[in-house]
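Worksheet: one structure, shown below.
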Amino acid sequence: ISDQKPLGCWSVKHGQILTCPVVCNFETHEYIAVHDDKVLRIWKNEDINLDKAFKATLSADVYRIHSLPHGGPVVLFRGGGVRTLDVLLEAPQQEIENVISGEVIRWSGAFMEGQQPVLIFTTEKDDDFFVYVQKPKLSSLHKYKLEQQESAKPLFFTAHITNQIVTLLCLYSNDSVYQVLIPLQQDTEEEEEEEEEEEILSKSLLLNLSISGAVLKGTSLVVLDKDHVAVLGSLAAPRKEPREFLTIWNTKFQTLQTSKELPLGTSGQLWCYEEKFFLIHGKVLTVIMYKCETSSLAAAVGKLKYSQTPDVSLFMNWNTLEDEELVASFQSQESVALKADSRLNLRSRRSTVAEEQPEPLSVGQILINFKDASNYMLETRLRKLMTKAPTPDLQATIGCVVTALTDRCKRNPKYYPQNFLHEIVETRNLSYSLCPDLMAVALEKKDMHLLQVCLERFPDIPEEITYACLKAFLSTSESHLENMDVNLDSVICYIDVEFDNKEVKTEIVENGFRAEMDQDMCGTKIPKESQSRSDDDSCPIGPQKAALLNAVLHSAYTETFLLPHLKNLPAEEAILFLRYLYYLYVKCSEKVNTTLPGIRSPTINQIMDWMCLLLDAHFTVMVMLPEAKELLSNLHKFVRAQVRFYSELNKIEGSLRELQRLNHLRESHTYSIEVLEII
């Protein structure tokens, strides 16, 4: 998530439908999915084809799979039956009992109580709601009925277990949150013999979702800790359009802690995992970190005191929701937070309302104070800020410093602290997500060296920016690049340059390829004029441009997201890039280990992957262009020669293995000459 990179993608066959959310087995690091209600699939990250993954057809429809960190996956069937995954896989066709009759499951959750998994689910039948508590490993089941509420019914449920007590929170249609307490019972023989009788659960009002006279129509509810809950919903004010909000509430004192409008809309779903919110905002998955501390009356009263201020983010940093929002855009001086840190901190105010102790200035507040400083003073203070930054927040602080510099560059086109930015990027372990505007500013200023360093060091560069760098490198003239300071470590060992900038050609044949041999094998003759300027004879670009393109080859990417951008690359630049890739491919093939010398030189896999990408994006255009015909022909011949060469090697693989075996058997102290006949 931090790198914003897809790591894997799997799909079912046409006509098949995934019928419940996919989960991860924490113990085996496997994914578990169910399609078409009954077909169970299990696979690992390295598996490519889902159709070849483990498959088991079950005897009943699955409602949901819950995965517990220390309890393993638990499977809940639509009929209310529960099995652990281990027990289910022993006999996939085992009969699953129907616990519910005529009821529909509305919600389910799994928890650990001690060493035992506990599964809780709610059902609905004829406007009546029921709660089931199961311990699958103990075959324990208890059924309860929720107390009815006039003119209102539950819309959403969530729960947590503390000290053998299940706390079930119910979001009702009357814009209120109710609490139901269910003690975890210990089964006894007497209880089993008694006639089953449904116990009616009473509920108590926990929250009224009202904000300044407007009502919050909640759609999703999650528990943060014993004193805080988060509610996602739309705020309906009289004579106004509903607006969606994410709100945090203090359940202990029944107060609104903070809220944030979501103008792009949401899916109505909110997830919480390991102190992170997950929600769909517009078309983007937004992840917001938070941290809860002990709730206190001072915190609640302090919050109420400032509840009428324009910005109510006293306890949280919401900047992760809006990339364009700057640190200096906070309206309330109380709500300054660090953008790059992206944490929601529910802090307890230790001071009383009457007498507040001054708190140390946050990095965000310090940066606001630097806003109007001179360029020299700004850089001087930012250097001091980085040296004084506390260790836990060091990376976030540096990211915020870079953001402050790039912000000033955008406001003042004549300002560009090139040396300072180079120093930060080369000496600090940054990422693109910590300073997203840096590479955009470097592209605008045509700072090729900084772009080169960013491509080599940042693990999370979006494909759009990678393409923008590639286009900038290819479109910049060689004469302009010669005057730039570019790191040539990745090319200096395989591109020999004389003073007239012409490559020194040296013939090295180690891997079974020579131009003449290729012509003989292919049965064609190349005119002498063409041979003299063959694509593999010399590097088609200068060393500066080659070093910059090598940085692009090293950057991480996802093919699905990069291809649409590559298709926009002009044909002339695409052919030039392919010529350079072909040159590298030939250079690699000259070596026995197919490895180019030098620091951070491209690997054979990177070269071939980019060649395939470029051909996929521009193959139709290149086939039609006369200037690309010879390049494609040479590439085809070279690849065919390589295939034939490795095919010949495969034929003598058995003999080579026998030689290797004899070397192990031969005594190291004896000298001998042996003649082995290879048949």
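The values are calculated or read from the model by the stated rules, or taken from the named source; none is laboratory data. No experiment lies behind these values; they were computed from the predicted model shown. No Cβ is skipped: glycine too gets one built from the backbone with ideal geometry, and neighbour counts run over all protein chains shown. Remember, those area values only see protein heavy atoms, side chains included, never the ligands or the DNA or RNA. Shrake-Rupley method; radii C 1.70, N 1.55, O 1.52, S 1.80 Å.
Specify which of the listed residues (Gln257, Gln269) is open to solvent by 40 Å² or more (accessible area, probe 1.4 Å) and polar (S, T, N, Q).
Gln269
Being modelled with pLDDT of 50 or more and surrounded by 17 or more Cβ atoms within 10 Å (Cβ to Cβ) narrows it down to one of Cys493, Cys539, so name that one.
Cys539
For Val23, work out the one condition from (1) open to solvent by 30 Å² or more (accessible area, probe 1.4 Å); (2) under 30 Å from Pro462 (Cα atoms) it doesn't fulfil.
Unmet for Val23, out of (1) open to solvent by 30 Å² or more (accessible area, probe 1.4 Å); (2) under 30 Å from Pro462 (Cα atoms): (1).
Pick from region 433-456 the residues that are modelled with pLDDT of 85 or more and farther than 22 Å from Leu488 by Cα: which of them is most open to solvent (accessible area, probe 1.4 Å)?
Per the criteria, the residue is Glu444.
Do the conditions hold for Lys143, that is, is it touching a residue at least 12 places away in the same chain (Cβ under 8 Å), assigned to a strand (DSSP E or B) and basic (Lys, Arg)?
Answer is yes for this residue.
What residue, among those in region 612-654 that are among the polar types (S, T, N, Q) and surrounded by 13 or more Cβ atoms within 10 Å (Cβ to Cβ), is farthest from Leu578 (Cα to Cα)?
Out of the qualifying residues, it is Gln642.
Please go through region 108-139 and pick out each residue that is closer than 14 Å to Arg83 by Cα and without any contact (Cβ under 8 Å) to a residue 12 or more places away in the chain.
Ser139
Take Tyr63 and decide whether it is assigned by the TED database to the domain that holds Ser139, closer than 29 Å to Glu198 by Cα and crowded, with 20+ Cβ neighbours inside 10 Å.
It is true that Tyr63 is assigned by the TED database to the domain that holds Ser139, closer than 29 Å to Glu198 by Cα and crowded, with 20+ Cβ neighbours inside 10 Å.
Six or more apart or on different chains, Cβ under 6 Å: which pairs go from a residue in region 411-426 that's in contact (Cβ under 8 Å) with a residue 24 or more places away in the chain to one that's loosely packed, with under 13 Cβ neighbours inside 10 Å? Could you list them?
Close Cβ pairs (under 6 Å, with a partner that is loosely packed, with under 13 Cβ neighbours inside 10 Å) do not exist here.
Using the structure shown, decide if Val99 is farther than 18 Å from Ser67 by Cα, out of contact with any Asp or Glu (no Cβ under 8 Å at 6 or more places or on another chain) and not assigned by the TED database to the domain that holds Asp227.
Values: farther than 18 Å from Ser67 by Cα: yes; out of contact with any Asp or Glu (no Cβ under 8 Å at 6 or more places or on another chain): yes; not assigned by the TED database to the domain that holds Asp227: yes.
Answer is yes for this residue.
Give me the residue from region 413-430 that is over 21 Å from Ser490 (Cβ atoms) and touching a helix residue (DSSP H, G or I) at 6+ places or on another chain (Cβ under 8 Å) and, out of that set, surrounded by the most Cβ atoms within 10 Å (Cβ to Cβ). Break it down into steps so the answer makes sense when it comes.
Taking region 413-430 as the starting set, the residues that turn out to be over 21 Å from Ser490 (Cβ atoms) are 413-421, 423-424, 428.
After this cut, where a residue has to be touching a helix residue (DSSP H, G or I) at 6+ places or on another chain (Cβ under 8 Å) as well, the list is 415-418, 420-421, 424, 428.
Working: Tyr415: 12, Tyr416: 19, Pro417: 18, Gln418: 13, Phe420: 16, Leu421: 23, Ile424: 21, Arg428: 16.
Checked region 413-430; the qualifying residue surrounded by the most Cβ atoms within 10 Å (Cβ to Cβ) is Leu421.
Cβ-Cβ distance below 6 Å, separation of 6 or more or different chains: which pairs start in region 162-175 with a residue that is more than 11 Å from Trp107 (Cβ to Cβ) and modelled with pLDDT of 95 or more and end on one that is surrounded by fewer than 22 Cβ atoms within 10 Å (Cβ to Cβ) and small (Gly, Ala, Ser)?
Pairs found: none.
For region 236-245, enumerate the residues that are open to solvent by less than 80 Å² (accessible area, probe 1.4 Å) and either in contact (Cβ under 8 Å) with a residue 40 or more places away in the chain or not in a loop (DSSP other than H, G, I, E, B) (or both).
Answer for region 236-245, where residues must be open to solvent by less than 80 Å² (accessible area, probe 1.4 Å) and either in contact (Cβ under 8 Å) with a residue 40 or more places away in the chain or not in a loop (DSSP other than H, G, I, E, B) (or both): Ala236, Glu244, Phe245.
If only one of Ser202, Ser234, Ser220 is at pLDDT 90 or above and within 14 Å of Gln179 (Cα to Cα), which one is it?
Only one candidate passes the filter, namely Ser202.
Tell me which residues, restricted to region 559-609, are outside any helix (DSSP H, G or I) and closer than 27 Å to Pro6 by Cβ.
Lys567, Asn568, Leu569, Arg600, Pro602, Thr603
A quick yes/no check of all residues on (1) within 20 Å of Leu474 (Cα to Cα); (2) in a helix (DSSP H, G or I); (3) touching a residue at least 60 places away in the same chain (Cβ under 8 Å); (4) among the aromatic types (Phe, Trp, Tyr):
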position: Met611; (1), (2), (3), (4): yes, yes, no, no
position: Val623; (1), (2), (3), (4): no, yes, no, no
position: Glu627; (1), (2), (3), (4): yes, yes, no, no
position: Asn634; (1), (2), (3), (4): no, yes, yes, no
position: Ser647; (1), (2), (3), (4): no, yes, no, no
position: Arg657; (1), (2), (3), (4): no, yes, no, no
